[in-house]
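Reading through the structure tokens given below for one structure.
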Amino acid sequence: MHNKKGKIMSKDDFLQNSLYAKEEYEGLLVSSDTNKGVYNIGIELGNNQILLIDQVKDSEVHERVHMWVPQIQEIQRRYGFEGDLGNYSS
């Protein structure tokens, strides 16, 4: 796994080499990386920036997404992002 967890990247870079991308929960993105055979999990920080928080095999995606969901807003706050949650409740 080449990308480093904790790296902030553009949304375009996060989605590069991806055949699959989905916003699982407000602020949490999952994309496949076909070159590396992993799924990237990232948190949206605003200004087209994504914080790469995890890289996992396909068998681990569901478990890891559920692990990260409760931490989305706290991580966003740590990085100074106070995003609009729209129709989502906190």
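Is there a residue in region 32-50 that is in contact (Cβ under 8 Å) with a residue 40 or more places away in the chain and buried (at least 18 other Cβ atoms within 10 Å of the Cβ)? Within region 32-50 (the criterion being in contact (Cβ under 8 Å) with a residue 40 or more places away in the chain and buried (at least 18 other Cβ atoms within 10 Å of the Cβ)), the answer is yes, since at least one residue qualifies. Would region 30-46 turn up any residue that is of a type in the set (A, V, I, L, M) and modelled with pLDDT under 90? No, because not a single residue in region 30-46 is of a type in the set (A, V, I, L, M) and modelled with pLDDT under 90.
When residues in region 48-73 are screened for being in contact with a Ser or Thr (Cβ under 9 Å, 6 or more places away or on another chain) and within 20 Å of Ile8 (Cβ to Cβ), 4 of them pass. Of the residues making up region 23-37, just one is closer than 11 Å to Val65 by Cα and among the β-branched types (Val, Ile, Thr), namely Val30.
Residues checked against (1) in contact with a strand residue (DSSP E or B) (Cβ under 9 Å, 6 or more places away or on another chain); (2) part of a helix (DSSP H, G or I); (3) at negative phi; (4) among the hydrophobic types (A, V, I, L, M, F, W, C):
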residue	(1), (2), (3), (4)
Ser18	yes, no, yes, no
Val30	yes, no, yes, yes
Tyr39	yes, no, yes, no
Gly42	yes, no, yes, no
Leu45	yes, no, yes, yes
Ile53	yes, no, yes, yes
Val61	yes, yes, yes, yes
Arg64	yes, yes, yes, no
Gln71	yes, yes, yes, no
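Taking region 12-22 as the range and being among the charged types (D, E, K, R) and closer than 16 Å to Tyr39 by Cβ as the test, the residues that pass are Asp13, Lys22. Determine whether Asp54 is modelled with pLDDT of 95 or more and among the charged types (D, E, K, R). For Asp54, the condition - modelled with pLDDT of 95 or more and among the charged types (D, E, K, R) - is met. Among the residues of region 1-16, which ones are of a type in the set (S, T, N, Q), modelled with pLDDT of 85 or more and not in a strand (DSSP E or B)? Matches in region 1-16: Gln16 only.
The values are calculated or read from the model by the stated rules, or taken from the named source; none is laboratory data. Since the model is a prediction, treat every value here as computed from it, not as a measurement. Every residue, glycine as well, gets a Cβ built from its backbone with ideal geometry; the counts of neighbours run over all protein chains shown.
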